[in-house]
1. Restricting to Cα atoms and excluding each atom paired with itself, what does the Kirkwood estimate give for the stretch 301-423 in Å?
2. Å³ per residue of the Cα convex hull, for the stretch 48-300?
3. Provide, as a two-decimal number, the C-alpha radius of gyration of the stretch 190-323 over 2.2 N^0.38 Å, N being how many residues it has.
4. Where a ≥ b ≥ c are the square roots of the eigenvalues of the C-alpha gyration tensor, would you call the stretch 273-323 rounded, which needs a/c under 1.5, or, failing that, prolate if a/b is larger than b/c, or oblate?
5. Write out the trypsin sites (Lys or Arg not before Pro) in the stretch 216-300 meeting two conditions: DSSP loop, and at most 13 other Cβ atoms within 10 Å of their Cβ.
6. Based on the Cβ-Cβ distance of residue 262 and residue 156, what FRET efficiency does E = 1/(1 + (r/R0)^6) give at R0 = 45 Å, to the nearest 0.05?
7. Using the basic label-point model (7 angstrom from Cα toward the beta carbon), what is the residue 62 to residue 412 distance in nanometres?
8. Which GluC sites (Glu not before Pro) does the stretch 338-415 hold that lie in a coil by DSSP with at most 15 other beta carbons within 10 Å?
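Each reported figure results from applying straightforward, stated rules to the coordinates on display, with no laboratory input. Note that the coordinates shown come from a computational prediction; the quantities given were computed from them, not determined experimentally. Every residue, glycine among them, receives a Cβ derived from its backbone with ideal geometry; neighbour counts consider all protein chains shown.
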Amino acid sequence: MVRLQTAQRLYFFVSNCNGQFGLHRARLYPIILVRRVTKVPFFDLKKQFLPLREEILNELAAVCDDQAFILGAKVEKLEQAITSLCGKGHAVGVSSGTDAELLILMALGIGPGDAVVTTPFTFFSTAGCVARLGAKPAFVDIDPGTFCLSPEKLELFFSTKCTFDEDILRTPDGFRIRAVIPIHLFGLCCRMDEIQAICARYALPVIEDAAQAIGVDYPSSGEIKHAGGIGDFGYFSFYPTKNLGAFGDAGMAMARDSRIAERMKALRNHGMAPKYQHEFVGGNFRLDSLQAAILLKKLPHLEGWSRRRWEIAQYYRNKFVNLTPEIRLPDEPHVEQLGHRGHNYHQFVVRATRRDELREHLKDCGIGTEIYYPIPLHRQKCFAYLEDGPFPESEAAAREVLALPIFPELTDSEVELVADGVAAFPKK
Ligand SMILES: Cc1ncc(COP(=O)(O)O)c(C=O)c1O
């Protein structure tokens, strides 16, 4: 519905989602303001908070009563809980997903002269952390169906463009490749078996960017593994809009090796271990007890929230299956085997060649959408010096992707409105 405010009174027009408006109540006054009414927001955090309000506020009150805010028992409890969710490894609570990645790269001693491989179709921080340490982000393109690092392209990059001498793998411009960061984008795990097999040949550690993939499973030769516990390292973001979100910034770094995890614990606190002794320089990447307390209260709900996201995704998929080629659905491997555990649908991202028109059309229907991500990283000004590319799949994805509302608190009728809105997108 579009609300037209005139000089003397309000008029309401009802939209049929095709851009045609029926006059509901008419008088001829000059129109001074046009405002669309949102029927389905892209996201609404308040709806998640309301039912948990009391228990979370009680928890916060308990931390305030204790007056112990930095690291401590709550953070340790959260680290244990995330370790058991991942099934493997050692968790280190930190101040954000970005800091978790930085901490891992610092623990590996990555710096000038080094390169770290990742994809250009992601949130900025994945490559930003590499550059902050003076190393080079070396990009490899994505798989168009999953938006994740393509193992085939990784193999091709290593075997045809890089050099491998005396056990050192180098980029075409001579940087020593030190690690690979596959990103489990939108809540689906990358093809980790293939990626890990390729990296093993060059003795490269694999760091999972699981910022968007908490609670996601991955089938690995007869075994079920869990995001964050598959690679040598992994990290999660608890940014408020993530599937498990804090009330501010927070993150978790994972390391398979207990000695490296201990080093990471020191690094998150200025490299201090024991007190006032610094063998190396770290930073302040500590996690607050307030955030840990909130996350511990939310964690038991994660499974139910993921299930609901999955239901919504399946509803969309069924509704959109016949809309091709206008709307293309993301790949959903492992469905038969894993169901809702195989994808946490942090985002439900479709592809549309007329993406901007679709977005405008949905806006007219009162439906919020987002674009993740509009500019691939090799096209960012700050990475122009890399002179890298082209990465055709990342560039096509940046032109075509559109994220639809998907959060557990969406009602069935809201989900239906979104699906009907997309289905009403006029064909060309
Ligand atoms: C894929 C990806 N990596 C890393 C991050 C960084 O996490 P944070 O925002 O907690 O620093 C994010 C967060 O948006 C992300 O989506």
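1. Numbers: mean 1/r = 0.0637 Å⁻¹.
Value: 15.7 Å, from the Cα pair sum.
2. Working: hull volume 31.8 nm³, N = 253.
Hull volume over Cα atoms, normalised by residue count, gives 126 Å³.
3. Details: Rg = 18.2 Å, N = 134, 2.2 N^0.38 = 14.1 Å.
Scaled against compact globular proteins, the figure is 1.28.
4. Working: a/c = 6.33, a/b = 2.72, b/c = 2.33.
Judged from the Cα gyration tensor, the stretch 273-323 comes out prolate (a/c at least 1.5, a/b above b/c).
5. Working: sites: 225, 242, 256, 259, 263, 265, 268, 275, 286, 297, 298; in loops: 242, 256, 268, 275.
Taking the stretch 216-300 and a limit of 13 other Cβ atoms within 10 Å, the loop trypsin sites (Lys or Arg not before Pro) found are 275.
6. Values: r = 37 Å, r/R0 = 0.83.
Given R0 = 45 Å and the Cβ-Cβ separation, E is 0.75.
7. If labels sit at residue 62 and residue 412, their model points lie 3.6 nm apart.
8. On the way: sites: 357, 360, 370, 387, 393, 395, 400, 409, 414; in loops: 387, 409.
Taking the stretch 338-415 and a limit of 15 other Cβ atoms within 10 Å, the loop GluC sites (Glu not before Pro) found are 387.
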